[in-house]
Structure formats: C-alpha cells, structure tokens
1. Taking into account only those residues within segment 322-347 that are open to solvent by less than 40 Å² (accessible area, probe 1.4 Å) and either over 21 Å from the mean Cα position of the chain (by Cα) or of a type in the set (Val, Ile, Thr) (or both), which is modelled with the lowest pLDDT?
2. Taking segment 280-304 as the search range and keeping residues that are within 15 Å of the chain's Cα centre (by Cα) and β-branched (Val, Ile, Thr), which one is farthest from Ala84 (Cα to Cα)?
3. Is at least one residue of segment 55-67 modelled with pLDDT under 80, buried (at least 23 other Cβ atoms within 10 Å of the Cβ) and not in a helix (DSSP H, G or I)?
4. If I ask for residues that are over 28 Å from Ser213 (Cα atoms), of a type outside the set (Ser, Thr, Tyr) and open to solvent by less than 10 Å² (accessible area, probe 1.4 Å), which ones from segment 19-54 would you list?
5. Restricting to segment 210-225, name every residue that is open to solvent by less than 20 Å² (accessible area, probe 1.4 Å) and not in a loop (DSSP other than H, G, I, E, B).
6. Taking Phe89 as the residue in question, decide whether it is at pLDDT below 80, surrounded by fewer than 19 Cβ atoms within 10 Å (Cβ to Cβ) and closer than 30 Å to Trp363 by Cα.
7. Of all residues being within 27 Å of Asp221 (Cβ to Cβ) and touching a residue at least 12 places away in the same chain (Cβ under 8 Å) in segment 373-400, which is surrounded by the fewest Cβ atoms within 10 Å (Cβ to Cβ)? Just the residue, please.
8. Quick check: anything in segment 73-82 on the phi < 0 side of the Ramachandran plot, crowded, with 20+ Cβ neighbours inside 10 Å and either out of contact with any Gly (no Cβ under 9 Å at 6 or more places or on another chain) or modelled with pLDDT of 85 or more (or both)?
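The values are calculated or read from the model by the stated rules, or taken from the named source; none is laboratory data. All values reported here derive from a predicted model rather than from experimental measurement. Cβ atoms come from the backbone with ideal geometry, glycine included; neighbour counts cover every protein chain shown. Each accessible area value is taken on the protein alone, full model and side chains, heavy atoms only, with ligands, DNA and RNA left out. Shrake-Rupley method; radii C 1.70, N 1.55, O 1.52, S 1.80 Å.
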Amino acid sequence: MRNFLKNLGPGILVSAAFIGPGTVTVCTLAGVEFGYSLLWALLLSVFSCIILQEMSARLGVVSQKGLSEVIREEIKRPFLKVFAIILIFSAIVIGNAAYEAGNITGAVLGAQAIFGDQSLQLGSFQLNLWSLLIGFIAFLLLFSGSYKTLEKVFIGLVLLMSISFVLTAILTKPDIFEVLKGFIPTTNAAGLLTVMAIVGTTVVPYNLFLHASLVSEKWKDSSFLPTARKELVVSILLGGVVSMAILISAASAGITDVNSAADMAVSLEPLFGKFATWFMALGLLAAGITSSITAPLAAAYVVQGSLGWKGGMASAKFKMVWAVVLILGVFFSSLQINPIEIIRFAQIANGILLPVIAIFLFWIVNKHSVLGQHRNSVWQNILGILVIALSVFLGIKAIVSVIGSF
C-alpha cells in the first residue's frame, strides 16, 4: 500500500484536470434536470477515459516522449505534419487560454461562497481580487518547475475535493435503490445533450497530451508500465466517484432552480445547513485550482513537443507558454470578461480534435517501431475502436451544436 501511494501522481493530475468547474456544473445540472438517470453516462465516460489514457500512459512510459512529440516525428508528409500541429495548437493552446478563465472563475466562486466577495473598483471595471490570488498560487506552483511539488499539491487537493463532494452526497441522503437504477441506460432523448456534455468533460483531449508527458517525467523505463496502469485506473475511478457524488448531491437535494454549481452550494444551505454549503464550496475551490494549473501545464507540454524544445518543466520557453495561458485566464476572470467567441472557436476545435487525436494515438500505439512488444493487443484495439466511434459521434454533434448557436 505504501509503495502504491508513492507511485500516485500522473493519474491523479489527469483526474484533477477533468474534474474542473465545467464538470462540476455539468454534473450538477444533470442531477437537477434528470435525477440519477444519467449515472450510466458517467460510468461510460469513465471507462472511455481509462481506455484512451492507458494508451497515452503506455506511449509515455515506453517511448519516453510526449504525444505531440511522437506525432511530429511519425507524420512524414510535410502538409499533414503542419496541419496536425496547427490543429493541436488551435485547440489546446488557444482553447486552454480561453477555458482557463472558466477554471479560475470556478475557484473564485468556491472561495466567495466560503469567505465572501473581495473586489476592487477600477473605473468602470470591477477587479476580482480572488482571481489574482488564485492565479498567483497557480503561478508559484508552476514556476517551481518541480514535478514532485505539483504531485504533492494535487494529491492533497484531489483528496480534499473527493472528501468534500462525497460527504455532500451523503448529507443529501439519496435513495440507494434509485441510485442503482441510474446505472441502467435509458432512452431519454431529452438528456442526449447532457450525455454528450458528461462524456465531453471527462474524456478531455489535452489530458492525452498531459498524461504521456507526465508519466515520462516520473517513470524512466517500461518495467514501470504495470504500476502506471494501476495508478491511472485507481485515479480515474476516483475522479468518476467524485463526479457521481456531485450528480447524486444535486439529484437528491430536491432543488429545481439551479443554474450552476455555485448556485448548488448556496441552495444546499437551507436544507442541510452550513456544512453541506462548505463542503460543496471547498470542492468547487479545489476543482478550480487543480484545473487552473493543469490547463497551462498541458498547453506548455503540447508546444514543447510540437516544436521539439528540450529542458522540460524548468526551461524558460516551457514557463513562457504556461505563463501566457495563465495570465490570459486571470485577466479575463478578474475583469469578469467572457471570451465567448474564443470559447466557441475552442469548442469547434476540440470537437474536431478529440477524434483526430484519438485516431493518431490509436495509430501510434499500434506501431511496432514506437512501442515494440507493448503495442495494442486485439482487445485493446476493439475497445479503442469503440471509444473512437463514440468520440467521432460526439465531435460531430458538438460542432453542429456550436455552429447552430451562431
């Protein structure tokens, strides 16, 4: 057990990355609108995430390279290489810069629910001081350039987040029989968009890049592959339990007028007292902080691998990329500006990117020249094809949905 705890790290960061304010809000709304009936969709998304992240982790441990670096090396045709790099840059770097504002804003909402609003009026703008503080904390952790420091902080934050949301779910006293029924798929057409949102917030494109890079930092040869697999499965299942706890909390609270996770925290107070409110707010704060660190980190790894930079987390170029993403997030969040057009672009780019990157990853993990004896087995290929088919369907639906909103 002690050895397993020592090996916690990359999977925990991936788990923390997908449980951001967006996931908290999506799971909250799913519970409010559809009760427990979409728990099966969460279970499906968790298993899909495990399948793709295992491929990414295996690639990182065996090849000792990040996914973007391998894509750059393995695509031989110049046109396809340039197209792939531009697509990855657009979706990950620009997209993460836009979503970073949402991550920081989510952490701010959690802080405000506990400690109250802290803002400064600058002319016609209201500067949110919580955004600056959370951005500064993220900056200090990333600037350390130490993977081990980040690892310890994330393990602590994920444990805090897990305990907070699970205790909130227990306090709401759910009907266990109804909860179990929620794991049986139903043909609820009204919940299709919510199902897409649940899977889309769990199977995150940038996590495929992040995971491959992180495991190559932690483990230096293929003998650690069983350890990496066990760690990622436990970590992502933990993330799934947290997501389910959020949905169950929302479903069993009997609240109908909730528009976000922050509303959920406030709405729980008259029903369950300050404790439930504090647990929900602490969970939202932890979720926002973890995602506000992983989004810039993933963007930096993508740029480093795509351009062939050396030096890892401690290099000046690496720090420059995550600093730009973080500063943009703090700027938009502190001035309460919603970069809606950038986010729309990011949604379209991510809708294209997930199946494209999943296909690239699937192709690479089947190459003997890259993974040798560790390339995909028949069963891994069958499961991979099913997940790719799901990602293609979700990608098409996401693009059509966003284009239709213009």
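1. For segment 322-347, the residue satisfying everything is Ile343.
2. Ile289
3. Keep residues of segment 55-67 that are modelled with pLDDT under 80, which gives none.
No; the residues of segment 55-67 include none that is modelled with pLDDT under 80, buried (at least 23 other Cβ atoms within 10 Å of the Cβ) and not in a helix (DSSP H, G or I).
4. Cys27, Ala30, Gly31, Leu38, Leu39, Ala41
5. Hits for segment 210-225 are Leu210, His211, Ala212, Ser213, Leu214, Val215, Ser216, Leu225.
6. Yes.
7. Asn381
8. No; the residues of segment 73-82 include none that is on the phi < 0 side of the Ramachandran plot, crowded, with 20+ Cβ neighbours inside 10 Å and either out of contact with any Gly (no Cβ under 9 Å at 6 or more places or on another chain) or modelled with pLDDT of 85 or more (or both).
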